[in-house]
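The values are calculated or read from the model by the stated rules, or taken from the named source; none is laboratory data. Not measured: the values here are computed from a predicted model. Heads up, the Cβs are rebuilt from the backbone with ideal geometry, glycines too, and the neighbour counts pull from every protein chain shown.
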Amino acid sequence: MRHRTTGFALATLLLALGACANTEIRSRQTLLDETLRSYAATVRWGDIERAQAFIEPAQLAANPPGAIELARFRQVQVSGYDAQPAVAVSEGEVRQVVQIDLINVNTQAARSVIDRQVWKFDEAAKRWWLVSGLPDISRKE
């Protein structure tokens, strides 16, 4: 009888640990989905100041966007944001390729840029950070 009770307790413990690990993975995936969706909406609305809040703080401090780069964002309107599915590179890193369609507000000229995003999970903060920086809208694809 004692072996049955111990075996049952062990099986229950293993199931609980497996569920916790699965919940953490699912939670990380849910956080990624929410982060990518929120970032996409922020870029679509052209809110570049708010988009900077998605950039990993050390990366933002080392490479803050300059006045010219920010002025470029004010000269365009985002007309499309076509994101490919995010691809896991490792357990805490994903990459996503996004085509961003832009219209120059002064000339009404349309063009597209490809943004190759790299996102990393911060275990301490329990959030995803953009480590590749803001899209380079000065490039022509």
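What the table shows:
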read-out	value
Filter result (part of a strand (DSSP E or B), closer than 15 Å to ASP122 by Cα and of a type in the set (Asp, Glu)) within the stretch 87-104	GLU93
Some residue of the stretch 54-69 being of a type in the set (A, V, I, L, M), within 17 Å of TRP129 (Cα to Cα) and assigned to a strand (DSSP E or B)	yes
Residues of the stretch 56-80 classified as touching a residue at least 40 places away in the same chain (Cβ under 8 Å), more than 25 Å from GLU93 (Cα to Cα) and either among the hydroxyl-bearing types (Ser, Thr, Tyr) or surrounded by fewer than 12 Cβ atoms within 10 Å (Cβ to Cβ) (or both), total	0
Of all residues in the stretch 105-129 being under 20 Å from the mean Cα position of the chain (by Cα) and assigned to a loop (DSSP other than H, G, I, E, B), the one that is surrounded by the fewest Cβ atoms within 10 Å (Cβ to Cβ)	ALA124
Breaking point among (1) modelled with pLDDT under 95; (2) surrounded by 13 or more Cβ atoms within 10 Å (Cβ to Cβ), for ALA53	(1)
Residue identified as out of contact with any strand residue (DSSP E or B) (no Cβ under 7 Å at 6 or more places or on another chain), modelled with pLDDT of 95 or more and among the charged types (D, E, K, R) among ASP122, ASP115, ASP101, ASP33	ASP33
Any chance ALA88 is touching a strand residue (DSSP E or B) at 6+ places or on another chain (Cβ under 7 Å), modelled with pLDDT of 95 or more, of a type in the set (A, V, I, L, M) and surrounded by fewer than 14 Cβ atoms within 10 Å (Cβ to Cβ)	yes
